[in-house]
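Input: a single structure, listed below in structure tokens.
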Amino acid sequence: MSVWARCALALSLVVLAACGQRAPTFEERFRPAYHFTPARNWMNDPNGLVYHNGVYHLFFQHNPRGDRWGNLSWGHAVSRDLVNWRELGVAMPERDVMIFSGSAVIDAANASGFSSSNAPAMVAFYTGHDPRDGAESQYLAYSLDEGRSWTQYDGNPIIERPGIGQFRDPKVFWHAATQRWVMVLVHSGEQRIAIYTSDNMRAWREASVFGPGGLTGGPWETPDLFELPIEGGGSRWVLSVGVTGQAGLSAGSGVQYFVGTFDGERFIADDGAPVGVVRWVDYGSDFYAPQTWSGIPAEDGRRIWIAWMANTRHAEDVPTSPWRGMMTIPRELRLVERGGRYELVQAPVRELESLRRDVVVQEAATIAEGESALTAITALGGAMELDVALRPASTGETGLVFAYGTETRLRIGYDARIGHVFVDRSEGGAFDRDSFRRRHYAPVPLEGGVARLRIFLDHSSVEVFADDGARVISDAIFPDGGLRSVSLYATGAGGELVSLSAWRMAAMERD
Ligand code: FRU
């Protein structure tokens with residue numbers, strides 16, 4: 001750290017102490033090692049995800065003045081590798097309107113005319129939410145200094161629909177085939193997605209409306225629409241939509257997706273998007289408002305997203321301090337064909353491997369009924385990655401149990417009686433809520449009798465990728481103490497450990 005940075009840090013500690021606030025140490029209880037969290041205060045959705053000049057930008061819904069939802073502004077963090085994140089100052093503070101969710105793109109051809117030099121403008125689209133009457137309109141702002149400072153467009157709002165109350169979360173992308181900009185946003189209460197197009201980013205025309213379809217039990221939020229190649233040729237478009245209220249799989253918020261075609265104007269779901277037929281992106285409780293990065297170069301070719309790792313049902317009450325809210329790990333997306341339809345598949349980005357330390361490889365073994373401790377894996381500590389293949393006993397549950405503190409037990413395993421992988425956070429813990437203390441299941445077929453799980457465990461979260469990433473369970477956890485033991489367990493005899501590798505995960509760098 002430079003002398004200036006040290007002085008700035010010392011000064012901010014003095015200011016914080018004078019205000020009676022606790023300074024972040026990044027070693028607080030529940031502070032994740034490798035999941036992005038703001039140093040302090042509230043965070044919800046990822047916003048304005050854009051890659052530019054070798055840097056991934058992560059803007060986010062942020063309350064710079066408190067650790068609960070409110071005063072919504074855009075926070076800002078940057079990374080060169082999707083792993084180590086440096087938090088910058090607030091990019092867009094709230095004004096007369098709160099700065100709700102939205103997206104950002106690079107206007108390389110200067111279609112907007114906002115750039116007066118060779119350096120293209122970074123253009124952000126967000127919803128301005130008027131706290132007095134709840135009215136929502138779409139706004140534009142641009143930055144000529146890599147997202148540090150923003151100029152509000154003097155023609156704002158760019159889209160106004162008086163009478164439509166909840167009308168928000170613009171996600172903008174370039175549609176190469178029609179050479180136009182496209183925006184998707186929600187009519188939240190009507191469970192519809194509106195699709196707009198533009199040549200210059202300033203004037204927008206409504207091209208079509210999609211929905212309702214799939215899960216309609218709660219308001220729709222934070223849509224994204226993107227194309228994914230299909231292995232073996234061709235492509236399809238994926239439309240993801242957050243559903244909030246009590247509607248999701250875990251009786252809170254969740255994310256559904258549709259697969260179909262998009263011609264630049266209209267999205268048509270392959271299955272007609274019948275109401276009540278729901279395709280989940282994630283089977284856990286804490287995966288919401290995902291957004292994909294724009295601007296990732298064609299040479300890289302990946303489609304990557306990140307999500308807010310929380311559930312609207314309990315997000316404001318989780319026991320973390322001096323921050324509240326974290327992101328998932330970034331995930332690469334693919335589509336695979338299965339049983340005549342296309343399924344969304346997620347994989348942790350490969351860059352996360354740079355955090356792997358101290359590998360432990362466990363020998364294949366039978367798994368006895370009861371628990372058998374894995375001492376070397378326990379020694380890796382509370383932030384680890386595990387790659388485990390199990391041949392589950394046919395009579396019950398086979399898996400891993402992580403014991404923490406005095407009474408918290410986190411179970412991750414396979415229940416062969418119902419053919420499901422599960423994450424169980426119902427036993428003990430520092431967050432005593434019935435709606436939180438649950439077990440979450442995902443249907444996973446065995447392959448040659450084996451279930452393979454990739455598990456990303458951090459100090460207050462777990463993400464389990466099963467069935468090659470076609471099923472993911474993402475859950476926040478709040479253990480009542482440090483990790484005490486990791487064990488194999490089974491409720492019946494006959495299970496087998498086929499292979500198990502585990503790595504300690506180093507903490508991210510923050511500057
Ligand atoms: C989703 C959401 C968005 C909205 C933002 C406000 O979590 O409700 O629909 O723009 O959060 O913070």
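The values are calculated or read from the model by the stated rules, or taken from the named source; none is laboratory data. This structure is a prediction, so every number in the text was calculated from the model and none was measured. Don't worry about glycine lacking a Cβ; one is built from the backbone with ideal geometry, like all the others, and counts go over all protein chains shown. For the accessible areas, the whole protein counts, side chains as well, though only heavy atoms, and no ligand, DNA or RNA atoms are used. Shrake-Rupley method; radii C 1.70, N 1.55, O 1.52, S 1.80 Å.
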Among GluC sites (Glu not before Pro) in segment 18-122, those in a DSSP loop whose Cβ has at most 12 other Cβ atoms within 10 Å are Glu27
Net charge (Lys, Arg +1; Asp, Glu -1) of residues whose beta-carbon lies under 14 Å from that of Asp67, Asp67 excluded, is +3
In segment 128-219, the trypsin sites (Lys or Arg not before Pro) that sit in a DSSP loop and have at most 12 other Cβ atoms within 10 Å of their own Cβ are Arg132
Calculated from DSSP helices alone, with each H run of at least 4 adding -39500 (n - 2.57) and the total divided by the residues of the chain, [θ]222 nm to the nearest 500 comes to -1000 deg cm²/dmol
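About the Cα centre of segment 294-427, how large is the charge dipole given +1 on each Lys and Arg Cβ and -1 on each Asp and Glu Cβ? Please answer in debye to the nearest 20.
Details: 16 positive and 20 negative charges, 78 e Å.
It comes to approximately 380 debye.
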Subtracting the Cα-Cα distance of Glu316 and Ala119 from 0.36 nm times their residue separation yields 66.9 nm
Placing +1 on each Lys and Arg Cβ and -1 on each Asp and Glu Cβ in the chain, then taking the dipole about the Cα centre, the residue among Gly89, Ile195, Gly340 whose Cα reaches farthest towards the positive end is Gly89
Put Thr375, Thr261, Thr408 in order of accessible area, largest first, probe 1.4 Å, and you get Thr375, Thr261, Thr408
Summing +1 per Lys or Arg and -1 per Asp or Glu among the other residues with Cβ less than 14 Å from Ala315's Cβ gives -3
Using alpha carbon centers only, segment 27-60 is separated from segment 331-394 by a whole-angstrom value of 24
Expected unfolding gain across Ala39-Thr375 under the 0.36 nm per residue rule, minus the alpha-carbon gap, is 117.6 nm
Here the FRET efficiency for Glu353 versus Arg437, based on Cβ atoms and R0 = 25 Å and rounded to 0.05, is 0.15
PRE zone check, label point 7 Å out along Cα-to-Cβ of Ala251, amide N under 13 Å, scope segment 407-439, hits 433-439
Expressed as a percent, the accessible surface of segment 42-348 that is carbon or sulfur, using a 1.4 Å probe and the full set of protein chains, is 46
The alpha-carbon center of segment 284-306 and that of segment 435-511 are separated, in whole Å, by 22
Magnitude of the Cβ-charge dipole (Lys and Arg +1, Asp and Glu -1) of segment 42-348 about the Cα centre, nearest 20 debye, reported as 140
Scoring segment 379-500 by relative contact order with C-alpha pairs under 8 Å, at least six apart, yields a percentage of 38
